[in-house]
Amino acid sequence: MIIDLTIGKLADAAGVSVETIRYYQRRGLLDEPAKPLGGHRRYPVGMMKRLHFIKRAQVLGFTLSEVGELLTLDESCACAETRALAARKLALIKQKVADLVVMQELLSGLVQRCGEGDGEAICPIIETLTAQ
């Protein structure tokens, strides 16, 4: 049974690069094990769980700063605060989706207007973008 891993093995097992692990260490998201005299740092297998947590949180839209908050909240068993952070992120995502829908509708209208033109007039897309 493996009890610890080199940084390269940890990176491979977690599906990230060595530089990602080092970056997370600089950001304070991962601990850096002590380097034994004349040896290589060894990472506990449990570090992979933390790496997966970070990557899954990023997929859900959390920034690395927010991931740090989540990790701190996890250590203090603060479910209410964690829920509040997730609810704020959800509200932000909903707003972004609403903004994207508006952008999609506006751009679709411009594309349609452009397709209906005779090619002689000013392009409606360019005209709209240059209007003051």
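Coordinate-derived values only; no laboratory data. Bear in mind that the values here come from a model prediction, so they are computed numbers and not experimental data. In this analysis, Cβ positions are derived from the backbone assuming ideal geometry, glycine residues included, and neighbour counts consider all displayed protein chains.
Where a Cα-Cα gap under 14 Å defines reach, which aspartates and glutamates qualify for residue 35, not counting those fewer than 8 residues away within the same chain?
Correct list for residue 35: 4.
Please compute the Kirkwood hydrodynamic radius of the chain from all pairs of different C-alpha atoms, in Å with one decimal.
On the way: mean 1/r = 0.0530 Å⁻¹.
Evaluated over the chain, this radius sits at 18.9 Å.
Projecting each Cα onto the charge dipole of segment 1-61 (Lys/Arg +1, Asp/Glu -1 at the beta carbon, about the Cα centre), which of 8, 36, 47 comes out farthest on the positive side?
The listed residue farthest towards the positive side: 47.
Could you tell me the ratio Rg/Rh of segment 1-61? Both radii from Cα atoms, Rh via Kirkwood.
Working: Rg = 11.6 Å, Rh = 12.0 Å.
Here the Rg-to-Rh quotient is 0.97.
Given Cβ point charges of +1 (Lys, Arg) and -1 (Asp, Glu) and nothing else, what value in debye, to the nearest 20, does the dipole of the chain about its Cα centre take?
Details: 17 positive and 16 negative charges, 186 e Å.
Charge dipole of the chain: 900 debye, to the nearest 20.
FRET efficiency for residue 52 and residue 95, Cβ-Cβ distance as r, R0 = 35 Å, nearest 0.05? Show your work: numbers first, answer last.
Values: r = 28 Å, r/R0 = 0.80.
Efficiency, from the Cβ-Cβ distance: 0.80.
Got a sec? Which residues in segment 51-93 would a label at residue 104 touch, if it sits 7 Å along Cα→Cβ and we count backbone N under 17 Å?
93
Filter the GluC sites (Glu not before Pro) in segment 37-132 to those in DSSP coil with at most 10 other Cβ atoms within 10 Å of their Cβ, and list the result. List each step's numbers first, then the result.
On the way: sites: 66, 69, 75, 81, 105, 116, 120, 127; in loops: 120.
Filter output for segment 37-132: 120.
Could you check the simple spin-label distance between residue 64 and residue 82, using points 7 Å along Cα→Cβ, in nm with one decimal?
2.3 nm
Over the chain, calculate the relative contact order: mean separation of alpha carbon pairs under 8 Å at least 6 apart, over the residue count, as a percent. Please list the in-between numbers first.
Values: 70 pairs, mean separation 22.5, N = 132.
Relative contact order here is 17 percent.
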